[in-house]
């Protein structure tokens, strides 16, 4: 299953594998690569299907004082120009219609909830977020209900429970999904997004420098559309829709292919702007995308 492990490491790895959410805990894993971005002593293990990856040993983070990698790399402007929140909302807007309340877990600065309110100012909107660094941004949203822990929600229920680029940070995903199901109102939907192993720079172009950048200590687990569907179905959800979401466009891919670095290039952006949307759509249509959005219902309701 694993190669070149010392007798001390093998039991520790086995404990991590056995603690995975079903059905991943019953699958075979092998060493995929040694070293990740910023951590040469952390390795990546991948299942035989190449649909799920985990880090070992698993790094620990204090999410009360968390700096997203785009901030650390000073890519805030680039991320904003890509209008990720807007493109995400466009994909899931139809699944939010008819809802009265939305809870976003890991809402950061509240950007998605603000976008939802701009489309429907009658929505009841709530945030569950532990990060103190972004608290001032959320405090400006006077209409926003704020929580820092599931226990504060008590008997509260929401028509939509959303979390975007959160699950890959969660060290105990099975317990987390159970809590999410508990706060869903009858007939409610879970809407989530994760970075995907079906990323075209990994699966289609196989850029080695990108793979070294892609795996990062903040993400102990990395899913694909297929593995995420299997996990959700094993934990009481019925998947209604899988939506590939290509967040970064042609200029980003050309920058990685040509210059082997993140951040894109403004000259390339301008040059390929007329065909960028079609490029992203074609990738998504063929199943290659750097993220996947899942819409699911409580199968036990």
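Descriptive notes on the structure:
- Multiplying the residue separation of residue 234 and residue 18 by 0.36 nm and subtracting their alpha-carbon distance yields 76.2 nm.
- Here the simple spin-label model places points 7 Å from the Cα toward Cβ, and for residue 175 and residue 152 these points are separated by 1.9 nm.
- Ranked list, fewest to most other Cβ atoms within 10 Å of each Cβ, for 272, 213, 164: 272, 213, 164
- Stretching the chain fully between residue 122 and residue 83 yields a gain of 11.6 nm (0.36 nm per residue, less the alpha carbon separation).
- Anisotropy class of region 132-179 from Cα gyration tensor, a/c 1.5 cut: oblate
- Distance in nm between pseudo-label sites at residue 28 and residue 282 (7 Å out along the Cβ direction from Cα): 3.8 nm
- Going from the residue with the fewest nearby Cβ atoms within 10 Å to the one with the most, 143, 256 rank 143, 256.
- For region 62-298, the spread of Cα positions along each principal axis, largest first, Å: 53, 39, 34
- When 130, 231, 207 are arranged by Cβ crowding within 10 Å, least crowded first, meaning fewest neighbours, the order is 130, 207, 231.
- Helix-only [θ]222 nm of the chain, DSSP H runs n ≥ 4, -39500 (n - 2.57) each, per residue, nearest 500: -10000 deg cm²/dmol
- With contacts taken as Cα pairs under 8 Å at a separation of at least 6 residues, region 62-298 carries a relative contact order of 20 percent.
- Residue 62-residue 140 pseudo-label distance in nm [points 7 Å out on the Cα-to-Cβ vector]: 2.6 nm
Read the figures in this text as sums done on the coordinates, not as results from a lab. It should be emphasised that the depicted structure is a prediction, and the values quoted were computed from it without experimental measurement. We place every Cβ from the backbone using ideal geometry, glycine too, and count neighbours over all the protein chains shown.
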